[in-house]
1. Taking amide hydrogens as modeled 1.01 Å from N in the peptide plane, which residues meet the under 5 Å criterion relative to I303, leaving out close sequence neighbours?
2. What are the ³J(HN,Hα) values, in whole Hz, obtained from phi via the Karplus relation 6.51 cos²θ - 1.76 cosθ + 1.60 with θ = phi - 60°, for each residue of region 225-232 in sequence order, with x given for Gly and Pro?
3. Could you pull out every residue, at least 5 positions away or on a different chain, whose amide H is within less than 5 Å of the one on K96? Hs are placed 1.01 Å off N in the peptide plane, and Pro or chain starts have none.
4. Give the residues of region 114-129 whose amide nitrogen is closer than 19 Å to a point set 7 Å from the Cα of V215 in the direction of its Cβ.
5. Helix check for the chain. Which DSSP H runs span at least 30 Å along their own axis by Cα, with a mean Kyte-Doolittle hydropathy no less than 1.6?
6. Once the cut-off is 32 Å, how many percent of the Cα-Cα pairs in the chain end up in the long-distance tail?
7. Tell me which residues come under 5 Å, amide H to amide H, from H171 once H is placed; ignore anything under 5 positions away on its chain.
8. Could you work out Rg/(2.2 N^0.38 Å) for region 232-305, with Rg from alpha carbons only?
Amino acid sequence: MDYYKALGISKESSKEDIDKAFRALAVKLHPDKNPDNPESVEEFKKCCEAYEVLSDVDKRKQYDRGGSPNVRMGGSPFDFFGEMFGTRRPQPVHLKADVQITLEEAKTGCSKVVNVARSAVCKKCKGSGASVTKSCGVCSGSGTIEVSQAPFIIQTQCSACHGTGSYVMEHCGDCHGRGVVKGKPKEMAIKIPAGVGMKARLRISGEGEPGQNGVPTGDLYVDVTQKPHDTFFRDGDDLLCNVEVSYTDLVFGKKIDVPTVEGRAELKVEKGTQAGARMRLRGLGMPNVRTKRMGDLIMLLNIKIPTTLTKEMRKALKKVAELE
């Protein structure tokens, strides 16, 4: 078959010319527009096959060199037709839920219950979405078509009817053509992994809307957010905390008691430590959500300035200032 002749174009035609020619022929040759002309189905298939090759740069080059275009097993040459006529292949419908957790729950992992309202199959039309249907003229109601791509003949799903073998002429009154009706919310336990970030999205496969007519079931996406903490704030897998120390603690050094997520820990401040220094407690941060390796707890040392001084304290500090 001469693909250029099938579309009524020349070898010098541009991609825009090919698209324009295909659109015109697809409308003209569509079997539903030619119910008394059985040859229109074959002509329509040839038109789509030609467009499948000539609209692809690599396949067109191979065809122009005299070779057979590569066979595409993963799709149908009628997909463009489906998009043009508004019959694009239905996609899975996903659901979304939101949960909020504390820092403590993020560190250990937890389980949260969410309400998920999935749709249910419409009992009236049994999921077809139609009360009146018409047999598909492209595949003659079989739901499949054969495409010749020498030396092979490929049988693939008819994209005009999405493999159902029929068109919807009148939508179901109960589900308005969707094939499903709104279901009642149901509780579902969601496992939150340890170390999940401040903002994360979890994907629960197969827990979205039920699929109909060959469309896969959708997924449930859970957006997880972490509440702000009064003491700690996160930097990736590390936790940061402000700790107030006195001037003498930094000068002479001291073991101080500091907070952790689990309770308290002892931190040794070395002599001569500078204000604003960061001191690290290894392994007391957050677990990495993938590797489970623990981050660190970082203490930010800030000097606490006393607002009131005794007579003795004032005298001593003045002496220090004079010596400095």
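None of the figures in this text is laboratory data; all of them are computed from the coordinates on show. Computed from a prediction, not measured in an experiment: that's the story for all the values here. All Cβ positions, glycine included, derive from the backbone under ideal geometry; neighbour counts span all protein chains shown.
1. Amide H neighbours of I303, under 5 Å, 5+ apart: V245, G276.
2. 10, 9, 5, x, 9, 6, 10, 10
3. Y221
4. 117-129
5. Numbers: long enough: none.
Span-like helices here: none at all.
6. On the way: 31207 of 52326 pairs.
More than 32 Å apart: 60 percent of the Cα pairs in the chain.
7. S131
8. On the way: Rg = 13.0 Å, N = 74, 2.2 N^0.38 = 11.3 Å.
Expressed relative to 2.2 N^0.38 Å, the Cα Rg reads 1.15.
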